[in-house]
Structures are given as C-alpha cells and as structure tokens.
Amino acid sequence: MDRRNKLFLNAILLVYVLAVFFSAFIPEANFLRSIMENHNYSLDGIAYLYETEQPGKINPLTPQTDAKVFNVNKNNLPFKFDNNQYYNLYFKGHFDCVIPAFTNVLLRTDNLAVQLIINGEEVFRIDDSSRVVPYTRSPKFGYNSFISDKISTSDTVEVYLANYYYHQSSKAFSDFFKYIYESSPYFVSSHFSRISLIETVFCFALLFIGIFVLMLYFVLYSKGQRSTYLFYLGLFICSTGLKLVASHSIIMLFVPAPNTIEVIQICSKFVAAISFIQYLNSFPHIEKANYLDILTGFLNFLFVFAFLFIYMILGVDKYVFLFYMLENVVIFAFLFISLAIGFTKNIKNLKNKSILILYISSLIYILLFGIEIVQTGSFFKTNLPFEMTGFAIFILGHILLFKIFITSSVEARAKLRHMEDLAYRDPLTRTGNRQGWLEKTKRMHEKFITGDIFGVAMFDLNNLKIVNYENGHGKGDEYIQTAAELICKNFRNSPVYRIGGDEFVAILNSTDCQDTNALREKLEMDCYVYYCSHPEHKNFSIASGYAVVDYKTDSSFQDVFQRADENMYAHKKIMKERDQYERQ
C-alpha cells in the first residue's frame, strides 16, 4: 500500500475514533452535571454498637449496656472497631434537612441487613426474611432505595444494622450513613461521579464489543474461514465485560439474588482467563506453545473446583474473602505464566509489529489486574479502576492490531488481484486467457443445476496466417488486438476469452442470448467499417458461431460449446466461399 493510501486509512481511523468519543461523552455533559448537583441528606443522632453471634440478624431490642456509643453526623463517622466479630448497630436520630415527598433515597447496604423505622413505622427492611416494603428494591448488597413520604427534621429515625461478613464491617456501617443521597430518575446517586458513570458505560460497552466479535467469528465460520483466535478474543472480551459489570455496585440494583453475582463473577473470571490463554496460543503468525494447552487444562479443573467449592463456603463467611483473594491470585499467576511462555516461544518473532503489540498490551492488562488484586480491600467493590484501565489499553492495542490486519489484507488482496490478472488474462488482448477459460468452464457446469439461460459464441480470425506471412507478426498482433476490441465492444455484457492464437470465445448472458443474429450482424458491420477505413487490411474478417443452451437436448456445457464451434466453422466456410467468388 502506497503512502497516500496509508495516510487516507489513518485519517479515516482518526475521524472514526473522534466521532465515537464525542458522540459518547459530549451529550452526557448536562446529565452528569445534574447528577453532581444532587442534594446530600445525612443523619444526625446517637449510634449504639454491640457484639452478636448471629451474622445478619437484626435485633430490635434495646441495646445492651456494654454497647459502644457514637455521635453520628456527616462530619463524624467514628466506626473503628475489631473486624473479627459480628456486630449489631442501633441508631436513633433525625435527618439534618427536610426530604420532600416522592424523593427517591438511596441507601448503601453492602454486606448489611437493614431496618429503617420513621416515627415508629417501618419504611425499609432487607434481610434474610426477604420481607420487602413497597417501593423498595431487594438485593442484599449494593444500593437500595425507598420513596420518601416527606420526612421532616423533627421525625424520629431509627436504624438497625447487622453485618453479614465481619471482614471490613466497620466500613460497611460507616458507608451506610455516609452515602445517603437524593437520586436522579436514573437510579444513579450523586455518589457516582462522572468517572464512575463512564466506568459503568464502559463495562456494558465491553459486553457488546465481545458479542460483536463473536458474531463476526460465526459469520466467517459460516463462510468456511476458521478464525479461531476471533472466537477466543470475543469470549475473553465478553467474559471480562460481564465480570466488570457484575463487580459494579450499581448493577446490584437490578439483580435480586446476591449469590447470582458471585456465581457470575466466578464463571466470568475463569472463562476470561481460559479464553485469554487460548487466544495467545491461536493468534495469527504466532508459534504455538504446547505448555499453554496444559495450563488451560489445569485452569479448567480449577474452574470446576471453584464453582463447586463456593457453594460449600457461602455460609461460612470467614473463608469467603480468603477464597476470592486466592482465586484472583491463582488467575493472575496463570495469566502471567502463560504470557511469559508465549513470549519466550515467540521471542524471535517480535520483529512482527502485530505480535509485539499483542504482548505489550497483554502485559499491561495483566500487571494492572495484579495491582487491582493488591488494592482490593473487599470482594464487594464500587469500581475497578486498575483492571478497567488495563483492559482499555488492551482494547486500544487491538484497534491498532486490526488496523494492521486491514492494511495487510488490502495489500494482500491487491497482490492477489494482480496475480490473478497475470494468471488469467491474455497479455496481448487483455481478454481472459485459456487458463481463465478452463476455470470458467468448471463453474459453468453449475448452470445445469440452477437452470439459468446462457449461450456460447465462438470466433475465429480469418487469414491470420496470410497476414503474418505477408506483413510480419507485428501486423498479425495488431490484427488480433483489433479483432479482440471489436468482439469485446459488441459483447460488453459477456466475458471474452482468447483460447488459441486466432480463436476467441464468449459466454453469453441471458440478455445477449435473446438475439444472436443481431449480434452477428453488428459484428460483421463493425468489421466492414474497419476494413473501409483501413483498406490495407484487406484480409480482415471474423467468423463466428452461436449456440444457446437447450435443456431438452443439452446434457452438459460441452454440448453447447460443441454446437457453437460447429456453427462457427460453418460460418467460416461460407465466408471463404464468398471471398473466392468475389476474387473471381
């Protein structure tokens, strides 16, 4: 591909990326600004914290005498205590400002059973009893909401909290009081900043990108192209997108069962890791490493083990966090080892720009995934900045890869067309050559299956030997070129082939088959006009013969060709007899 075409392709790619960027983010400016301007509602009062042996069990009784007492307001959330214990928290106080009627209030309820009472009446409850007050969403984790019936500053607010997991329970309690907001109509609170909203959109975008790549693979597969690497790439992107979507707290608003989130994350993590390793091993122009297949087998075994083991420990929460951390570490180790094996196997191929981009983008993703594991304080998180950043770099790297593939594909197709042109085109007349005619005849046998109407026209140049003998082969070549131009001019809707030194053949389409006599007369007229304008070419004439398929009598394409050839020789005989008569 020359420099001009490369610049044009780069310009198109740049315009496309800019168009996507502005169409995705500029229209959201007003919406994001309105989210950031939402009001903050906080609770002021006294909180009593006391130990319990029952995880997630709300105790509606008066707090014990040995309870820890805290003053709670938006500037003071002093919940610091031993993490290795279950706790109940009882709060009594009021909101610091009036909440208008029909306001959607979001409550952060990660890892908590919650009961909210206003003026002695329960307005919100979520625990293992599955009792849900109207206008309340029901997942155990993430954000939940209720509709305000005009809560004033004088209304008494009571809150009962109980932690399901003792790991980071103090953070779960403080987050409940910290993140109480008026939400937008989109169930997005002002806690979700612009970056967090973009992260959510990016997670869903990954899912659609993965689905698109998988659909592309199946389309190519249906056409006989087994691009296995596209299947694994699509599965990896789709699984990672699903994992990131399931890890975002806002998704928990729409998932009724928290265990579903856990199962989705386990499945998506392992499927993403397995497909990523296979993708590294099936990438085009890469040397396959057998050790990666062994790693994939081990990872499949661990996937089945993890999927079964999670159901055994869901009720024993002190093992849950350790399990998820161990799971992430194992997946990171497998990813890093597989990348190292593939890199070592293909270190001699790094001069290939596409392979180098593949390994660099993959390394960045794996390293940021590892940093995300270290930064993870709890399994339940609001966002995944490091892993998402790494995956964004991975996707950008593959945009460059596909650009390289498109460029190389265009160049390869251009070379292929050039080679086909050399292989199937006659260099003197620029019509099809004998090899092209043989390929065409193989395909013409399919016409007898479909029943299409077609015809064959045979042409023979009269007196070519005389022209070569009297005027030399240069004039003979000029004779052949002129004849080819006239034939192609009259049969412009039909492909023409030179199958011998002075023989041409055309495959007539259904339009040209309608009146072969008119075509013959037009060709003879053009030959006569040429003869009149070039009297020195006294021997110039073209004999022709035509045949249209007749499915009642013709059993093969050869039958049609044979009749056209016989008609051409009959016409040639008539033309010779006429020439002899005129000379006499």
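The values are calculated or read from the model by the stated rules, or taken from the named source; none is laboratory data. As the structure is a computational prediction, the values presented were derived from the model and not from experiment. Virtual Cβ from ideal backbone geometry, glycine too; neighbours counted across all protein chains shown. Ligands, DNA and RNA are stripped out before the accessible areas are found, and what is left, the full protein with its side chains, is counted by its heavy atoms. Shrake-Rupley method; radii C 1.70, N 1.55, O 1.52, S 1.80 Å.
Points worth noting:
- Residues PHE448, PHE270, sorted by accessible area with the largest first, give PHE448, PHE270 [1.4 Å probe; ligands and nucleic acids excluded].
- Tensor-based shape of region 472-584 (alpha-carbon gyration tensor, a/c under 1.5 rounded, otherwise prolate or oblate): prolate
- Computed E for LEU326/ALA392 - FRET, C-beta separation, R0 22 angstrom, nearest 0.05: 0.25
- FRET efficiency, LYS522 to LEU438 (Cβ-Cβ, R0 25 Å, nearest 0.05): 0.30
- The residues neighbouring ILE117, those whose beta-carbon lies less than 10 Å from its own, together hold a net charge of -1 under the Lys/Arg +1, Asp/Glu -1 convention.
- What region 68-120 shows is 43 Å² of accessible area per residue, with the surface traced by a 1.4 Å probe over protein heavy atoms.
- Heavy-atom accessible area for LYS150, with the other protein chains in place and a 1.4 Å probe, reaches approximately 130 Å².
- Once both labels are positioned 7 Å from their Cα atoms along Cα-to-Cβ, the gap between LYS489 and ASP477 label points is 2.2 nm.
- In terms of the mean number of neighbouring beta-carbon atoms within 10 Å, the peptides 552-558, 158-164 order highest first as 158-164, 552-558.
- All lysines inside 26 Å of LYS353 as judged from Cα atoms, apart from same-chain residues fewer than 8 positions distant: LYS6, LYS288, LYS345, LYS403, LYS415
- Förster radius 56 Å - calculated FRET efficiency between LYS348 and LYS573 (Cβ-Cβ, nearest 0.05): 0.20
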